[in-house]
Amino acid sequence: MVSFKSILCQCLLLSALFTQAQNHTLVKAWETDSTFKVPESVLYSPEEEILFISNIDGKPNEKDLKGSISKISLDGKRIEHNWAINLSAPKGMGIYGNKLYVADLNEVVVIDIKTAKTIDRVPITGAIFLNDISIDKTGTIYVSDSRTGIIHRIKNNQVSKYMDNKMNVNGLLAVDDDLYLAVKDTLWKADKNKMLSVIATGMDESTDGIVQTNTKDFIVSCWNGIIYYVKADGNKEILLDSRAQKINTADIGFDPSKNVLYVPTFFKNNVVAYFLK
């Protein structure tokens, strides 16, 4: 017969192991009112010291020119809606120089950050559902198409296929010579030779945004409402789970200088900021 003391010791051991494994938490810093229009992505701009928010404002796969980009101050108090307009279901964004690049269904829209004017539209032949964008240190742009499974590359305004056969690919993150990609329940790394390796798997199958922390770990959001902290060795922790409340967690942004995570809630139409502890 197992003694009560033995059971208690086992429970204490399991509790200690869980506490040791759960090293990170999110603490809410602020939350905006629900004044956005289906916010899909948040992008932190250290140069401007603001946040860009993409608003789908319509169907996520319709060329309707109803979409827009908003700007928010880092404390969440000052919001400028319709900073840039005439977009169609805009989603992921990236910055290079003084330009904001936006994934816009079947083209990448280029916006001058100083004037908020659209200065170029780069069509992607065959694209159906462009989703996320990441830009490397040389200015090469990577954009995912979740419906075709293709990651496109744009260099000097020339479009080429970087990788294919990755159906439902969403989040991208270019770091040095590597490109990280979120595909269903898995975070992958493609090195400079396009050799693929798995960083972590077994997450919710709606993986969406990827950001990197100061410690070279990752935070991965899933559209269904769950956010993971993924260590470089592949171990993962759940930072947030809002699925029971039916609150989405779409394409996240991150301020590494303050350790603040910014989460767009899609249908809830607001943005929530959390301190990463």
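None of the figures in this text is laboratory data; all of them are computed from the coordinates on show. Computed from a predicted model, the values in this text were never measured in an experiment. Don't worry about glycine lacking a Cβ; one is built from the backbone with ideal geometry, like all the others, and counts go over all protein chains shown.
See the values below:
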{"quantity": "D177 versus E80: modelled label distance in nm, points set 7 Å from Cα along the beta carbon direction", "calculated": "4.0"}
{"quantity": "Mean residue ellipticity (222 nm) of the chain, computed from DSSP H runs ≥ 4 via -39,500 (n - 2.57), nearest 500", "calculated": "-2000 deg cm²/dmol"}
{"quantity": "Sites D164 and F267 - FRET efficiency at Förster radius 41 Å, r taken between beta-carbons, to 0.05", "calculated": "0.85"}
{"quantity": "Ratio of Rg to Rh over the stretch 35-96 (Cα coordinates, Kirkwood Rh, two decimals)", "calculated": "0.97"}
{"quantity": "More than 16 angstrom apart: percent of Cα pairs within the stretch 71-192", "calculated": "60"}
{"quantity": "Spherically averaged projected area of the chain from its Cα convex hull (nm²)", "calculated": "16.1"}
{"quantity": "Pairs beyond 26 Å (Cα-Cα), from K91/K246; K155/K258; K161/K192", "calculated": "K155/K258"}
{"quantity": "Highest-first arrangement of 249-257, 69-77, 203-211, 153-161, where packing means the average Cβ count within 10 Å", "calculated": "203-211, 249-257, 69-77, 153-161"}
{"quantity": "Difference of contour (0.36 nm per residue) and Cα-Cα distance, F275 to D120", "calculated": "52.2 nm"}
{"quantity": "Gyration tensor (Cα) of the stretch 229-270, equivalent ellipsoid semi-axes in angstrom", "calculated": "21, 16, 7"}
{"quantity": "Spin-label model distance (nm) - E48 vs N193, 7 Å beyond Cα toward Cβ", "calculated": "4.0"}
{"quantity": "Rounded to 10°, Cα long-axis angle of helix 4-21 versus longest principal axis of the chain", "calculated": "20"}
{"quantity": "FRET efficiency, 1/(1 + (r/R0)^6) with R0 41 Å, evaluated for R153 and I238 via beta carbons", "calculated": "0.80"}
{"quantity": "Cβ-derived FRET efficiency at R0 22 Å, K63 paired with K246, nearest 0.05", "calculated": "0.20"}
{"quantity": "Enclosed volume per residue, in Å³, of the convex hull spanned by Cα atoms of the stretch 159-258", "calculated": "116"}
